[in-house]
Amino acid sequence: MEIEKIAQILIYYIHAPMGGVALLAGGVALIVKKGNRTHKKAGLIFYYAMLISALTAFIISIMPNHESPFLFSVGMFSTYFLLGGYRSLKFRNKTHNVFIDKLIAVTMVITGLIMIIYPIIFHERVDVVLLIFGLVGISFGIRDIRLFQNKHKLREKWLTLHVGKMTGGYIASITAFFVVNQFLPYLFNWLLPGVIGSVYISYWIKKLNRKN
């Protein structure tokens, strides 16, 4: 089978449909009461659908004639937020081993560095998209590595980490959807989902902190 046909199959039969399912399920998980049966089921559907969509984004972004720093970055961040958000549920357990979580964070830092350095070495230029996403990824990875050193604090913050990272994964998917379809003037497609998502995350984190 030709590479282009494989790319088309990945885009139209896996990446896009799974992304659509993730958008719908993630939206349901965000608006229903947290912790109830609907929230858990919708969240699980969102997790697996978005993970499949993000992983196929990685593959598509490095295929001939489909190379895309943006798609690679979205796939990376979506995967990182999803894994982190899902695994944060395990932080409630005092005996939870954070080795895998540290490994994910270190991978994020290394990937961020590669994203910045790769175009400079091989193309002798700075890729703005990869530079921005790379720096953000490095900062997230380092922050998490530091947090994993304090298991007591980790147990206290498991719920805020879960809400923040799962919502972060949803923001990444919404941003990709807006940028690809250009619903708004160029810059707004990049910024608006992040601004609205940040307000939502801040609201819930403050609410959870007050409750604690």
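The values are calculated or read from the model by the stated rules, or taken from the named source; none is laboratory data. Here the structure is a predicted model, which is why all the values come from computation and not from measurement. Glycine also receives a Cβ, built like all others from the backbone with ideal geometry; neighbour counts cover every protein chain displayed. Side chains are part of the model used for accessible areas, which takes the heavy atoms of the whole protein and leaves out ligands, DNA and RNA. Shrake-Rupley method; radii C 1.70, N 1.55, O 1.52, S 1.80 Å.
The table for this structure:
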quantity: Residues that are in contact with a helix residue (DSSP H, G or I) (Cβ under 8 Å, 6 or more places away or on another chain) and hydrophobic (A, V, I, L, M, F, W, C), drawn from the range 115-134; calculated: Met115, Ile116, Val126, Val129, Leu130, Leu131, Phe133
quantity: Residues of the range 8-38 satisfying the condition of being outside any helix (DSSP H, G or I), out of contact with any helix residue (DSSP H, G or I) (no Cβ under 6 Å at 6 or more places or on another chain) and at negative phi; calculated: Lys33, Lys34, Asn36
quantity: The listed residue being closer than 28 Å to Leu30 by Cα and open to solvent by less than 80 Å² (accessible area, probe 1.4 Å), out of Arg92, Arg143, Arg155; calculated: Arg155
quantity: Every residue from the range 35-69 that is open to solvent by 30 Å² or more (accessible area, probe 1.4 Å) and either touching a strand residue (DSSP E or B) at 6+ places or on another chain (Cβ under 6 Å) or in contact (Cβ under 8 Å) with a residue 60 or more places away in the chain (or both); calculated: Pro64, Asn65, Pro69
quantity: Evaluation of Asn97 against (1) touching a helix residue (DSSP H, G or I) at 6+ places or on another chain (Cβ under 6 Å); (2) at pLDDT 90 or above; (3) not in a helix (DSSP H, G or I) (one fails), failing number; calculated: (1)
quantity: Condition met for Glu4 (farther than 23 Å from Lys157 by Cβ, touching a residue at least 60 places away in the same chain (Cβ under 8 Å) and among the charged types (D, E, K, R)); calculated: yes
quantity: Among the residues listed as Thr160, Thr175, Thr167, the single one being touching a Pro at 6+ places or on another chain (Cβ under 8 Å) and closer than 23 Å to Arg87 by Cβ; calculated: Thr175
quantity: Helices (runs of 4 or more DSSP H) lying entirely in the range 150-212 (those with 3 or more residues that are in contact with a helix residue (DSSP H, G or I) (Cβ under 7 Å, 6 or more places away or on another chain), under 23 Å from Pro17 (Cβ atoms) and at pLDDT 90 or above); calculated: 158-181
